[in-house]
Structure formats: C-alpha cells, structure tokens
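Structure, as structure tokens:
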Amino acid sequence: VDGVLGGYVTSGIRQGEAAAGLLAHFLNTGEFQTPLTRSPNEYLLDARAMARHQLVVPSSIRRLATLLHEPPSFYQRYRVPILSALIVVSALFTLSLVAFLVVLSRKNRQIEQRSNAFAEQAEAASRVRDSLNEAQRLGRQGSWEWDRAQGVFTCSEGLLFLCNTTRALAGERVDGFLQHLPGSDRVAFMAAIEKVCKHSEPIELVHRLSREDGSTLTVREAIRLHTGRNGSIPELIGIVHDITERHVAETRLRESEEKYRRLFELSEDPMWLIVGSHFLMANQAAANILGYGSVEALTRLHPSALSPETQPDGQASRDMAERMMSIAYREGYHRFEWTHRKQDGSLFPVEVSLTKIPYEGGDALFCIWRDTTEINAAYRSLEDKTAYLDGILSSSEKVAIIATDADGRIRYYSPSAEKLFNLPTDRALGTTLMDLHRHREVSEQRYMQGLEQARESGEFRFTMQLDTNGQQRQVDGRISPIHKHNDEFAGYMLMCEDVTEQRRATELIEYQATYDTLTELPNRRLFMQQLHQALARARRHQHLSAVLFIDLDNFKTINDSLGHPIGDTLLRDVAKRIRETLREEDTVARLGGDEFVILAAELASSRDEAVSDAQALAEKVRQTLALPYPVDAHELHVTPSIGIAVFPSADESADDILRQADTAMYQAKESGRNAVRFFLPSMQRAAENRMGTISHLRHALSRNELQLYYQPQFNAARELCGAEALLRWQHPERGTVMPDQFIHLAEESGMILAIGDWVMREALSQFKRWREYAPDTLHGRVAVNVSALQFRQADFVTRVKQALVDSAADPAWLTLEMTESILLQDVDGTIEKIQTLKGLGVRFSIDDFGTGYSSLAYLKRLPVDEIKIDRSFVRDILTDANDAALVDTILTMAGHIGLEAVAEGVESEEAFAFLSERGCPVFQGYHFGRPCSADSFREQFLPPLHKAAGAKAY
C-alpha cells in the first residue's frame, strides 16, 4: 500500500476501515473515500502504476496530490496542430468578419441612399401633389378616382375646395360626392358613369355642384377609365372644372344676342347688315318701308337696287355708295343723307348711319336709316315758325326777352327789352344779365344764386323795381336755362314783364273786396275772415273773445234830412272815433249803412272776466260815440245800440256769432236805444242739437238721405251749358236741410270725405245719364264743390280718378270748384294736383271769387280755368256802384288773363243785361232756374221742346 497512500493517520480504526475499503475498492473497482484530508507533505501519485492497476485517482485526492508519470492529454498530444488550426480558423474568421462588415457597410450605404432617394421622391411627390392641389385651386379644378370594385372614392383638395369643404367626402365613399349634386344632375352623372364603363370611352358633361355654403357652381367634368392599382381592374377618374363665370357670361351673351336680335328684328327703324357689298340680313321694318313683302326678298337684292341711278346732287349712286362704305370701313362710323327707291319706284329722302362692326374674323357694316320726309318738312315748318316767332318777339311790347350764350353773354335782345331797361340793343349785346342789374343794387352773389337755381330747378323767378323814364315800374322776371337737342346747356332765357298795371288792378280788387271805400275800414268779407281766424284761435288756446255789433240810432233821419255827403262825413267820423277807442289787437269793420262791428280778441280765459271786459269796452265806445259831431255848420248827435256775443260758447260758427251779436243789438234798440246788451242763448240746447245733427249725419249716406240738386248754367245766348251740383239733406224729422247747416259738421267730423266721394260719383253718373238722354241738348260740364279737407288729402287725385272710373264718365265733363283759401294753401302742391287732373281733362274753378285773397300773383300761377263771381257782388250791381265797379274789374281782369267767368246770383233780366254788356260768358241764378232735383232738371231743361221754351222765357 505504501506508495499509494501517504500522510497523517487520523485514526487507527479509520485507517483499518480505509484499508479494508481500499481492498474492496480494488476488488470492485469502485471509488473510495480517503481519510487523508490534509497533510503538510506533497502527495505524489504514480499514474503509470495506477493505470497498471487500473486505478482511477478520485477527484478529491487529485486536488491534493501531484500525479507522476501522467500520460499526455489529447490537447497536449495535439496542441501544435490544434493551435495552428485555431490560428488559421481565427484568421479566416477575422477575414470573413471584415469582409462581412465591408459588405454590410456597403449595403447600409445603399439602403441609406435608397432611403434618401425614397425620401426625396416622397418629398418631390408631396411638392408635386401640393403644386397640383394649388394649381387646381387656382384653376378652380378638382379631380377624383373611384375604384368601383373596392367601393373607394378619393378626391383631390381642389375638389374639396370647389365643394367648399375641408373634410373627406363621406369617408371616401362616392355618396359623399353625390350629395353635392342636385337631383337631376346626380342622375345625369350616374348615367355618364354607366356609359363610360359600358363603352370604355371618355365622356364630358356639364352639371351643377352644390357647395357647403349653399351656393351652386356650374362645372364641366371629364370622366374616363384607367388601369387600377392591381393592374387589371379598371378604375374611374374624373376631372372637374369650375366654369360658373364662363357659363354665366355665355348665358348673358346668349341673352344679349337674343335681345339685340329681337331689337333688330322688331325695331321700327329700318336696319340691315352689309358684308362686302352685299346684304347679310335686314329687319322687317326695312322691307315694309321699301315695299318688299319679306326680308328674304330684300336681302336677295344688291344694295344698288334700292337707289336711283343718281343722287340729287348728280353723283352716281353706286360710286357714291362705295365711297360712303369706304369711309365707314376706314373711320368706323359715317353718317350721310341719301335717297332711296321703293319697289314701286318712288323716291324718298333718308339719313343713313354706317357703323363698322366685327363679324366672323372680318368687318361688316351695320346700317340704320330713317325716312326724313317728315323731318325735312318739320325743319321747314320750324324755320317758318322761327321766322314767325322772331316777328312776334320783335313786336311784343309787354314781355322783354333776352337770351344769352353758355358764357352768360347776351346774344338776343328784343325791342321791348330796350324800352323796359332803357338800354339800346347795341350796348346790351355782349354784356351779361348782371350788367343789366348792376345799377339796381343786385349783388353779384344773389345774381349767381339765381342763375344756379335756374339751372338746377328749371327756372328762377324774381320781382324787381325799374325806373323807366322817371316812372317806377314793377317787373316780374323769370330766368330759364336753354338746352340744345342733346340736352347740352346753351345759355339762359330771361323774360321780363311789366306788371305795374296788373299789380294796381290786383291791389284795387283786393282793396275793394276787403275794405269799405268810405271809411277805409275792413268790410264784411274781411271781418268774417278775421272772425273765423279769431274763433279758431279762441278754441285752440281756450280763451274768450267778443263781437260788438253797433248800430247808430237815428242815423237814417240825419242822412235823409241833411243829405248823403253829411251822412258820409258822419260815418267817417264814427269810424275814426271807434278806431281810437280800441286796443291795437282789436278790429273794427263796417258792415254797410250805419252798422259797425268790433272784434275784441283774447279778452280773458274765464267767462265772467270776458263779460266784464266786453262790457267795459262797449261802454267806452258808447260814451265816445255819443259825443257831438261838428260836421260843416251842424252839430250832430248820434247814439249807438250795441249787442255783444261772447265766444266760443259751444260749436257756433262765425256767422252764428255775428247773428248772436246782431240779435243782442236789436234787444238793445228795443230796450230804448243807446244801450248795451249781451246775447245769452241756451248753451246746452245748442250742444244737444249739434250732437244730434252729427249723429244723424253719420247715417245719412247709408240711409240714402243725401240728395243732389242741380242749378242750370246758361251762356250769353241763353243756351244750357252746364249745371252745378248742390247737396241737400232730406232729414226724416227736419225735412230738407241746406248745406250751410251741416257741411261744417261734416268737415269737423271727417265725414266730408265719404260724402264728397259720393257727391262726385253721383253727379258724374247723373250727368252721363242726361247726356245719353239728350245728347244734342246738354253740353258743357257739371260743377262739383270740393271742401278744404277733401283737397288736402294726399290721395285726392286718386279719389277723383276713382269717381271717374266708377261713373264711366268723361273727365272733360267735370269741373271742380274750390275757394281761393283752399287753393292758396301749399301753392306748389295745389298746382301739382291741378295739373295732374287737368291732364285728364278736368277743369278747375275758383268759387266765391273776390271774397278771399283775390291775388293776381297767385292767380297767374294757378292753372285754373274759370272764376265764379260771388253772388254778394252780383246781387247789388244795379244799386251799388262799388259792386258794379268791382264786377266790371273782375270781368276785365278775367278776359285779360284768359279765364272764363261765371256770374252767380243772377236774379233779374237787368242784371243779366248788365253782365252781358260787360262780356260775362256764363250765368247762374234764379233768373235762369232754381236748384232742383235730377228729375225736375231733366223735365225743365233737357228735352228739346223744354229747351226752346226755357230759352224764350229766359
């Protein structure tokens, strides 16, 4: 065993056990456990001996011992070849790795290059796509692709732009696009798709495209097939182009062409189109005027066939026509005079206009011509009229006429202007209108304003004073602009008229109509006008006024015993004393004879104070008038009886107030004269009567209680020439009510509008029936009164027209009567209404002429046809010199200004003779016939037999 084991023996027992175990191991060739766990010695083992005994060194001993004679390992045995092989393999691996890395690097570079190329291509494609989208937007185009097999529909941003949406069209489904096509266009689109798919041919169509904002485009779409993404299944592609503007332009062009074609064909002026020297087309007017049956018959001719061999100046028509057309081709337009020949050979003059126009890449001549036969005759007539007017202007003595050029220099100066301005023609020509007025204190600014107003509004009116040969003359002037036929401003026309005598006549008429010539006090007419105004103010401002009616006691005795001159002097003194007694705001007037009235306005707001003030004024007047009057060698004594009416107390009129004061005056006389009395009526009873009247009046029209009476009008030959319609109210309890008792209530309540419409309609209908009944007997017109409220209505003209339509009457049968006070309110508006109705044939009359303003200045402006002399003037023309003179003046004035006069209130043959001698043309009054019903009027005046008898009786 020695040599096999060595080391320290830890235990005899264990040593024995190990030896026994070793033997067993040897016998069994199994591994044993050595007890040698550690030793300070190096253990040596002989590998050859152990191999000889087929022993294996356990691993636990192998770690602690050195094995001698150990056989070399496979590695030790083959180390050099192995190492050499490893070195070779390593070298080959390194070379392979290097080669692999080189190849890999190249591949990476290729991949990177390809990636960059792909990126550049993608970027380029993106740029191309953006450019395409931008180009489509700018070109208002869009496109789409539709894979019908996959159901995928894609569109470009341009198409989204056209649809005015930023979202994909319904999730890449064709339905999204179809939603933008109106119904009929959607059907046409799908039909086009089916046609393309069936025939594999591209197709174009025009349809509408609805946008998100609600607007609609017109687009042209091209659709075709192309190879799909899979290379075999065809797909659809569409290109959409917005042609809205072009479509609109083409539509307008077609409409314009159609319009001008129709204008060409339907024009009453003859026209044709010439290309080269042949007719291309002509209109029917040309064929008709030239006597050809149709346009085709005309256009088959050569233009030379429509002209004589030579023109009036001797030139050959054919050569001259060539020259005229050559000029038109060269200059673009040419106008000249020509002589045409009709089919029947007759010649007539024309004015020809040739205009060069483009036609199918070349030029053509558009020709329009007009027959100047009538124009030439008109020119000759105009020349004759011009010469005639020159003669009139030269001989006119009343109107001075001056004409200037556009620079304001005088170019025409009539002989009457020399007399009016006291300036000879040779000094006036070349000067300005301002030079004529410079020495008359007319400012440069006012002069320029007048000229400017004339150009803007059509005229400038003015009034000026002229000193002609030491006499002051009143002149009315009017400056109007002068325009040429093309509306180009050419200068001014100044017309001046010496109206001195007219103004004096106007002032005289106004004075005689409103003032008492003896006392120079206002007369009844002016006083009543002032009383009307005072009554309106009193009601508006709720204050009280009074009228004092004065009658001189025993004046008739003085006048009869001492004579009219003494009586007139006494009346003038009485008037003077009354004026000196009154306040500045009070008015005194003479009613006639020895009757005076005082209007004491705005006395107080309470009745007691007003009565007290009126009483004090009346006593002051009574005492003043009772003082002696030294007249010539006489000392005269008169006393006044004074009646007072305080107003307003209810709804009394001015006439009522005057009657109340008159009644109170008689009470003063009955009480012993030289006294003052107040009128104290029952206010409640008057108010109840008024309200009852208004209530009944509201139903009068619907109950057929209103009736028209007619008073005939005759001319100087005693022939029936018209009638005036007069309103009556057939009251169920009061009987016939006259208009002065209810018309003012109708105006206050507004019922006058409906009543006025009925009166106008009924009068016209009745007049129409009369004319149909007696067409040879009844001539002239029916006169209808119009109230202020009616005329002031904005629709007054419409109401009159409606009455004419409803009655089917001729407007020439109607005369509308209005008072001066109505016509002079808003003169411009009045003139406009009158002129509108006069354009239909309606006449206008001023009723009660002379009782109002009677202003000739306004009368000249108002386009009325006649004046009616008030019955108050006519009634006393045989006994009152003032009334006779006034009527004579009115008739003379009416004749001078071209107005027809109608005299009202003619009640005697003497009055008729007086008026006839002074040229009055129309008469109305009891002498010829009283107002009567329509049936009575027909029986008395319309049948021929009655007409003759009536004329003889009258």
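No value in this document is a laboratory result; all are computed from the given coordinates. Predicted model only: the values in this text are computed from it and were never measured. Positions of Cβ are generated from backbone atoms using ideal geometry, with glycine treated the same way; all protein chains shown enter the neighbour counts.
Whole-Hz ³J(HN,Hα) for each residue in segment 290-306, computed from phi via Karplus 6.51 cos²θ - 1.76 cosθ + 1.60 with θ = phi - 60°, x for glycine and proline: what do you get?
7, x, 9, x, 8, 5, 4, 5, 6, 6, 6, 7, 7, x, 5, 5, 9
Just grab the label-to-label distance for Q343 and D880, each label 7 Å out from Cα along the Cβ direction, in nm (one decimal).
Result: 7.8 nm between the two label points.
What is the magnitude of the charge dipole of segment 798-949 about its Cα centre, with +1 placed on the Cβ of each Lys and Arg, -1 on the Cβ of each Asp and Glu, and no other charges, expressed in debye to the nearest 20? Write out the running numbers ahead of the final one.
Numbers: 14 positive and 24 negative charges, 105 e Å.
The dipole magnitude comes to about 500 debye.
Counting other beta carbons within 10 Å of each Cβ, put C920, C367, C197, C932 in order, fewest first. Working shown, then result.
Numbers: C920 26, C367 21, C197 13, C932 18.
So the residues, fewest neighbours to most, are C197, C932, C367, C920.
What is the angle, in °, between the Cα long axis of helix 944-953 and the longest principal axis of the Cα atoms in the chain? Nearest 10 is fine, range 0 to 90.
50
Mind jotting down a quarter of the surface of the convex hull over the alpha carbons of segment 139-249, in square nanometres, one decimal? Numbers along the way, then the final one.
Numbers: hull surface 27.6 nm².
Across all orientations, segment 139-249 yields a mean hull projection of 6.9 nm².
Could you give the length gained by full extension between E619 and E134, i.e. 0.36 nm per residue of separation minus their alpha carbon distance, to one decimal place? Before the final figure, lay out each step's value.
Details: separation 485, 0.36 × 485 = 174.60 nm, distance 10.70 nm.
Computed gain between E619 and E134 is 163.9 nm.
H543 to L86: extension gain in nm, 0.36 nm per residue of separation minus the Cα-Cα distance? If you can, show how the numbers build up before the last one.
Working: separation 457, 0.36 × 457 = 164.52 nm, distance 14.66 nm.
That works out to 149.9 nm of additional length.
How large are Rg and Dmax for segment 690-953 when only the alpha carbon atoms are used, in Å?
Both quantities, over Cα of segment 690-953: 18.2, 50 Å.
Against the longest alpha carbon principal axis of the chain, how many degrees, from 0 to 90 and to the nearest 10, is the axis of helix 244-266 turned?
It works out to around 30 degrees.
Figure the gain on full extension for Q76 and D467 (residue separation times 0.36 nm, minus the Cα-Cα span) and round it to one decimal in nm. Walk me through the numbers on the way to the answer.
Details: separation 391, 0.36 × 391 = 140.76 nm, distance 16.47 nm.
The Q76-D467 span can extend by a further 124.3 nm.
Helix-only estimate, please: 222 nm mean residue ellipticity of the chain, summing -39500 (n - 2.57) across DSSP H runs of length 4 or more and dividing by its residues, to the nearest 500. Intermediate results must be reported in sequence, preceding the final value.
On the way: 36 runs with 450 residues, N = 954.
Mean residue ellipticity, 222 nm, calculated: -15000 deg cm²/dmol.
In debye to the nearest 20, how big a dipole does segment 267-371 give about its Cα centre with +1 on each Lys and Arg Cβ and -1 on each Asp and Glu Cβ? Could you put the intermediate results ahead of the total?
Numbers: 9 positive and 14 negative charges, 23 e Å.
It comes to approximately 120 debye.
Hey, rough spin-label estimate for H483 and L225, points 7 angstrom out along Cα→Cβ, what's it come to in nanometres?
Inter-label distance under the simple model: 7.2 nm.
Residue-wise, which Karplus ³J(HN,Hα) couplings in Hz belong to segment 428-434, taking 6.51 cos²θ - 1.76 cosθ + 1.60, θ = phi - 60°, and x for glycine or proline?
7, 4, x, 8, 10, 4, 5
Find the centroid of the Cα atoms in segment 767-838 and in segment 66-101, then give the distance between the two in whole Å.
144
Order these peptides, 544-556, 421-433, by their mean beta-carbon neighbour count within 10 angstrom, highest first. If you can, show how the numbers build up before the last one.
Values: 544-556: 22.5, 421-433: 14.5.
Ranked by mean Cβ neighbours within 10 Å, highest first: 544-556, 421-433.
Taking H as built 1.01 Å from N, whose amide H comes closer than 5 Å to the amide H of L429, not counting residues under 5 places away?
Amide H to amide H, under 5 Å and 5 or more residues apart or across chains, L429 pairs with nothing.
Run the reach check for K576 against lysines, Cα to Cα strictly under 25 Å, same-chain hits fewer than 8 apart removed. What comes back?
Reachable lysines: K556, K620, K669.
Among the aspartates and glutamates, which have Cα under 18 Å from the Cα of K398 when same-chain residues fewer than 8 positions away are ignored?
D390, E418, D467, D476, E497, D498, E501
Treat the count of other C-beta atoms within 10 Å as a stand-in for reagent exposure and order D467, D594 from fewest to most. Before the final figure, lay out each step's value.
Numbers: D467 11, D594 21.
With the sparsest Cβ surroundings first, the list reads D467, D594.
Rank A364, S821, L764 by how far each Cα sits towards the positive end of the charge dipole of the chain (+1 on Lys, Arg Cβ; -1 on Asp, Glu Cβ) and give me just the farthest.
Projecting each Cα onto the dipole axis, the largest value belongs to A364.
What do you get for the angle between helix 607-625 and the principal long axis of the chain? Use alpha-carbon atoms, 0 to 90 degrees, nearest ten.
The angle comes out near 30 degrees.
Going highest first, how would you order 518-528, 209-219 by mean Cβ packing within 10 Å?
Working: 518-528: 19.6, 209-219: 15.0.
By packing density, highest mean first, the sequence is 518-528, 209-219.
If you plug each phi of segment 552-567 into the Karplus form 6.51 cos²θ - 1.76 cosθ + 1.60 with θ = phi - 60°, what whole-Hz ³J(HN,Hα) values come out, in order, with x for Gly and Pro?
Calculated HN-Hα couplings, in order: 7, 6, 6, 5, 4, 5, 5, 5, 6, 7, 9, x, 5, x, 5, x Hz.
What are the principal axis extents of the Cα atoms in segment 518-681, in Å, biggest first?
50, 30, 23
Whole Å is fine, so just give me how far the alpha carbon centre of segment 270-290 lies from that of segment 593-616.
90
For segment 393-498, divide the Cα radius of gyration by the Kirkwood radius and give the resulting Rg/Rh value with two decimals. Before the final figure, lay out each step's value.
Numbers: Rg = 13.2 Å, Rh = 13.9 Å.
Radius of gyration relative to Kirkwood radius: 0.94.
Which one of A536, N559, F678 is farthest out on the positive end of the charge dipole of segment 518-681, using unit charges on Cβ (Lys, Arg +1; Asp, Glu -1) and the Cα centre as origin?
Ranked along the dipole, the leading option is A536.
Which one of A903, V782, P308 has its Cα pushed farthest toward the positive end of the charge dipole of the chain, where Lys and Arg give +1 and Asp and Glu give -1 at the Cβ?
P308
Quick one: which residues, 5+ away or cross-chain, put their amide H under 5 Å from the amide H of Y359? H built at 1.01 Å from N.
A364
Using Cα centres only, tell me the gap between segment 886-906 and segment 309-385 in whole Å.
With segment 886-906 and segment 309-385 each reduced to a Cα centre, they are spaced 58 Å.
Assuming R0 = 30 Å, what is the FRET efficiency of E265 and D810, from their Cβ-Cβ distance, to the nearest 0.05?
Values: r = 39 Å, r/R0 = 1.31.
E(calc), rounded to 0.05, equals 0.15.
For the chain, give the share of DSSP beta bridges that are antiparallel, in percent and rounded to the nearest 5; count only bridges with both residues there.
Working: 122 of 151 bridges.
If I count the DSSP bridges inside the chain, around 80 percent turn out antiparallel.
Can you list residues from other chains, or at least 5 along the same chain, whose modelled amide H is less than 5 Å from the amide H of I867?
Residues meeting the criterion, in which the H sits 1.01 Å from N, are I846, E900, A901, V902.
Set the Förster radius R0 to 22 Å, insert the Cβ-Cβ distance between V275 and A316 as r into 1/(1 + (r/R0)^6), and round the FRET efficiency to 0.05. Could the numbers behind the result be given before it?
Values: r = 23 Å, r/R0 = 1.02.
After rounding to 0.05, the efficiency reads 0.45.
Could you name the aspartates and glutamates in cross-link range of K195, using Cα to Cα under 18 Å and dropping any fewer than eight places away on the same chain?
E145, D147, D185, E204, E221, E235
Give me the dipole magnitude in Debye, nearest 20, for the chain about the Cα centre, with unit charges on the beta carbon: positive for Lys and Arg, negative for Asp and Glu.
Details: 106 positive and 132 negative charges, 1239 e Å.
Once rounded to the nearest 20, the dipole reads 5960 debye.
Rounded if a/c is under 1.5, else prolate if a/b is larger than b/c, else oblate: which is segment 267-371, with a ≥ b ≥ c the root eigenvalues of its Cα gyration tensor? Intermediate results must be reported in sequence, preceding the final value.
Numbers: a/c = 1.66, a/b = 1.14, b/c = 1.46.
Oblate is the answer for segment 267-371, as a/c is 1.5 or above yet b/c matches or exceeds a/b.
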